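The values are calculated or read from the model by the stated rules, or taken from the named source; none is laboratory data. Here the structure is a predicted model, which is why all the values come from computation and not from measurement. Quick reminder, even Gly has a Cβ in these numbers, built from the backbone with ideal geometry, and neighbours come from all protein chains shown.
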Amino acid sequence: MMNFKYHIEGGDFTHAGSASSQVKKMLKQLNVDPGIIKRIVVALYEAEVNIVAHAYRGDIEIDIETDKVFIKLVDQGPGIKDINLAMQEGYSTASQMVRDMGFGAGLGLPNMKKNSDVLNVQSEVGKGTCVEITTFLNK
Amino acid sequence: MEQTFYHALEIKPDQCIGCTHCMKVCPTEAIRVEKGKAVLFENRCVDCGECFRACPVCAIIIEQDDFDKIFDYPVRVALVPSVFIGQFPEEISTEEIYSELMEIGFTHVFEVEHGVEILENELKNYIAKTENKPAISPYCPAIVRLIQVKFPALVENFVLLKQPVDAAAIYNKKKFLDAGYQHHEIGLFYISPCAAKIAAVKSPVGEKFSEVTGVINMNVVFNMVYTGIKQAKKETCIIPYRRSLKPKGVVWSLTRGESVNISGRSLAIDGIHNVIEFLEKLENDERMDFDFLELRACDESCAGGVLTTGNRFLTVERLHKRAEKAGKKHMNTYDHDSIMDYHEYVTSQLGLEKVKPRSMMKLDDDMLEAMKKMKKVHELMLFLPLVDCGTCGSPNCASLAEDIVQGRANITKCIFVKQTLEDRKVFSFEEAFKSLKDIWGEDKFNKKWQVNL
């Protein structure tokens, strides 16, 4: 098993996506199926951008095993009031500035769900959000 | 078993001085310097030709067919891309160039971009129908190979259509067969602006073989033709039948030549490093909802091909002027002897088979084994200076670490490590590790990532 940690700062769009890029490179080196890599990276990228867009800071932990990839993203931020609502396509709380940059179209969580096998979201308003993404490799 | 691939690029060991210039510019880390000579990893090379440009001693050559081979064929067609015309100074007319191509031995001259007359619609229809968006143009063979080795998840996005040169070859072959010639009497010679297009003819992706008989490097033909024109003393000259190329065809090989014709959201990117940067982003973000991507390995696309002689910006200027002129001519008249005579036949031959990925990045086929190797790579990275000087013969410290793990190199190839071990007279791994940590700081590699392997 391999374990990686990555720290991200809220509001830093310049570096949004660097964790995804690193993970992508490693999964390619580990000879994971390109289609599965794509799903993992798309889901992680969404989650990463979510933290940058909404939270103050966050930590990503990535566990790679031969049968699955588990990603846990914990942030300190405003939290999500209604997770069910946030899971709906098109729902967004992003500011105009964020939307202008091409982020915040309200597809984050739904897209993450589509691109993962198990998605677990827990949140406490005023404290932060924890997102867990599991993707199985042997399919 | 790993297959090996044909490459138009070849390193001449006699000439090579092992300077590492080529190794450093290679976008797929396909070159190493061993015993003072550059060597190529065949499976990683995408024939982009960046090494050819960088070599200070001309030790990298681009293989071509012997020019005299054309005389083995009674019918000798020069398949000329429009950038060839763009190589010449403005005052030399297209007619003169055509005429001189006949003087040097061709019996016919055909500009490959006539194929665009058929291909444009096929491309539009394909993009309208395909579900794999963004559709990626397979126009540039270096990009096809780059995506195969570096972005394997994107191979499904290729537009599975042959390119103008193929359409031109298919048409000419059929035309001369119909005129009563035999297969072996028809020689179709492509005048290539780059190494990738040569590889595409010799070892095509997505088709069994190419209709093109042989390839001749553009710089060679340019020198022959330009010399001929400069030294022309003759009273008369051959004026070949010439059908004017339509404006879209003239600029098809330039940046945005394809993409301007595509409705919806499309993007044109030239320069292989720019393409890599963009594809990295495309892989992460699903919301990049492009319909079409035109990706070319060379700066200014084929005008910047490694086998061109003219300045690429001047070539672009000349071709744009030519396109403008062609646009003003009355284009509705139907020329006789046109590729459109064989519209249906050529169209029926344009399909490509699926492009297969051939990832070069994997450390091992077996994931568990790959994980073990990755762990070793990481350990080695703690020893290496991360200066990426290339003196060891690998393009950077990370690739040296990989080469060591794959059994292709030894840690003492690193001059920093070697010096340290000698100076401090340490021989055990632990001691060496400690010494190196003293020099480079504990956290150099771990700064960004906390890794527990």
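Here are a few things to note about the model shown:
- Top-ranked residue of the range B:260-296 - restricted to ones that are more than 18 Å from B:Pro27 (Cα to Cα) and among the basic types (Lys, Arg), ranked as modelled with the lowest pLDDT: B:Arg287
- Inclusion of A:Ser116 among residues that are at pLDDT 80 or above and surrounded by 20 or more Cβ atoms within 10 Å (Cβ to Cβ) is warranted.
- Residue selected from the range B:381-407 under the condition assigned to a helix (DSSP H, G or I) and more than 14 Å from chain A (Cβ to nearest Cβ), by the criterion surrounded by the most Cβ atoms within 10 Å (Cβ to Cβ): B:Leu400
- Subset of the range A:1-31 that is assigned to a loop (DSSP other than H, G, I, E, B) and either facing chain B (nearest Cβ under 7 Å) or touching a His at 6+ places or on another chain (Cβ under 6 Å) (or both) - its residue that is surrounded by the most Cβ atoms within 10 Å (Cβ to Cβ): A:Leu30
- Restricting B:Val355, B:Val377 to those that are closer than 23 Å to B:Val149 by Cβ, within 14 Å of another protein chain (Cβ to nearest Cβ) and touching a Gly at 6+ places or on another chain (Cβ under 7 Å) reduces the list to B:Val355.
- Residues of the range B:54-68 that are in contact (Cβ under 8 Å) with a residue 24 or more places away in the chain, out of contact with any strand residue (DSSP E or B) (no Cβ under 9 Å at 6 or more places or on another chain) and outside any loop (DSSP other than H, G, I, E, B): none at all.
- B:Val201 satisfies every condition listed in (1) touching a residue at least 40 places away in the same chain (Cβ under 8 Å); (2) under 17 Å from the mean Cα position of the chain (by Cα); (3) within 18 Å of B:Gly115 (Cα to Cα) except (1).
- Selection count where residues are without any contact (Cβ under 8 Å) to a residue 60 or more places away in the chain, surrounded by fewer than 22 Cβ atoms within 10 Å (Cβ to Cβ) and either assigned to a loop (DSSP other than H, G, I, E, B) or within 12 Å of chain A (Cβ to nearest Cβ) (or both), scope the range B:281-316: 7
- Test: residue in the range B:151-173 that is of a type in the set (Lys, Arg) and surrounded by fewer than 20 Cβ atoms within 10 Å (Cβ to Cβ): no
- Selection count, the range B:46-62, where residues are of a type in the set (A, V, I, L, M, F, W, C), closer than 13 Å to B:Ala142 by Cβ and touching a Lys or Arg at 6+ places or on another chain (Cβ under 7 Å): 1
- Options A:Ile51, A:Ile71: the member that is in a strand (DSSP E or B) and either in contact (Cβ under 8 Å) with a residue 40 or more places away in the chain or more than 7 Å from every other protein chain (Cβ to nearest Cβ) (or both): A:Ile71
- Beta carbons closer than 8 Å, at least 6 apart along the sequence or on distinct chains, pair a first residue in the range B:362-373 that is over 15 Å from A:Ile37 (Cα atoms) and at the interface with chain A (Cβ under 7 Å from one of its Cβ atoms) with a second that is among the aliphatic types (A, V, I, L, M) and assigned to a helix (DSSP H, G or I) for B:Leu363/B:Ala370; B:Leu363/B:Met374; B:Leu363/B:Val377; B:Leu363/B:Val405; B:Asp364/B:Ala370.
- Looking across the range B:192-212, the residues that are surrounded by fewer than 24 Cβ atoms within 10 Å (Cβ to Cβ) and under 21 Å from B:Asp72 (Cα atoms) come down to B:Lys202, B:Phe209, B:Ser210, B:Glu211.
- Annotation note: of B:Tyr126, B:Tyr139, the sole residue that is hydroxyl-bearing (Ser, Thr, Tyr) and assigned to a loop (DSSP other than H, G, I, E, B) is B:Tyr139.
- Counting residues in the range B:101-123 that are touching a Pro at 6+ places or on another chain (Cβ under 7 Å), within 18 Å of B:Val205 (Cβ to Cβ), in contact (Cβ under 8 Å) with a residue 12 or more places away in the chain and surrounded by fewer than 23 Cβ atoms within 10 Å (Cβ to Cβ) gives zero.
- The residues listed here are B:Glu96, B:Glu113, B:Glu100, B:Glu117; of these, the one that is modelled with pLDDT of 95 or more, of a type in the set (Asp, Glu) and part of a helix (DSSP H, G or I) is B:Glu113.
- Selected residue (only one of B:Ser348, B:Ser338 is without any contact (Cβ under 8 Å) to a residue 60 or more places away in the chain and either under 30 Å from B:Glu122 (Cα atoms) or surrounded by fewer than 21 Cβ atoms within 10 Å (Cβ to Cβ) (or both)): B:Ser348
- Scanning the range B:262-280 for residues that are among the hydrophobic types (A, V, I, L, M, F, W, C), over 13 Å from B:Leu146 (Cβ atoms) and buried (at least 19 other Cβ atoms within 10 Å of the Cβ), we see that the one that is nearest to the other protein chains (Cβ to nearest Cβ) is B:Ala268.
- Within the range B:153-193, the residues that satisfy the criterion of being small (Gly, Ala, Ser) and in a helix (DSSP H, G or I) are B:Ala153, B:Ala167, B:Ala168, B:Ala169.
- Checked against the criterion of being under 24 Å from B:Val316 (Cβ atoms) and either modelled with pLDDT of 95 or more or assigned to a loop (DSSP other than H, G, I, E, B) (or both), the candidates B:Phe88, B:Phe5, B:Phe106, B:Phe71 yield just one match: B:Phe88.
- A:Glu61 part of a helix (DSSP H, G or I) and either at negative phi or within 9 Å of chain B (Cβ to nearest Cβ) (or both): no
- Applying the condition of being of a type in the set (Val, Ile, Thr) and out of contact with any strand residue (DSSP E or B) (no Cβ under 6 Å at 6 or more places or on another chain) to the range B:120-158 and asking which residue is nearest to the other protein chains (Cβ to nearest Cβ) yields B:Val155.
- With respect to (1) under 20 Å from B:Leu368 (Cα atoms); (2) within 11 Å of another protein chain (Cβ to nearest Cβ); (3) aliphatic (A, V, I, L, M); (4) in contact with a helix residue (DSSP H, G or I) (Cβ under 7 Å, 6 or more places away or on another chain), the lone exception for A:Ile36 is condition (4).
- Lone unmet requirement of (1) surrounded by 19 or more Cβ atoms within 10 Å (Cβ to Cβ); (2) in a strand (DSSP E or B); (3) touching a strand residue (DSSP E or B) at 6+ places or on another chain (Cβ under 6 Å) for B:Cys51: (2)
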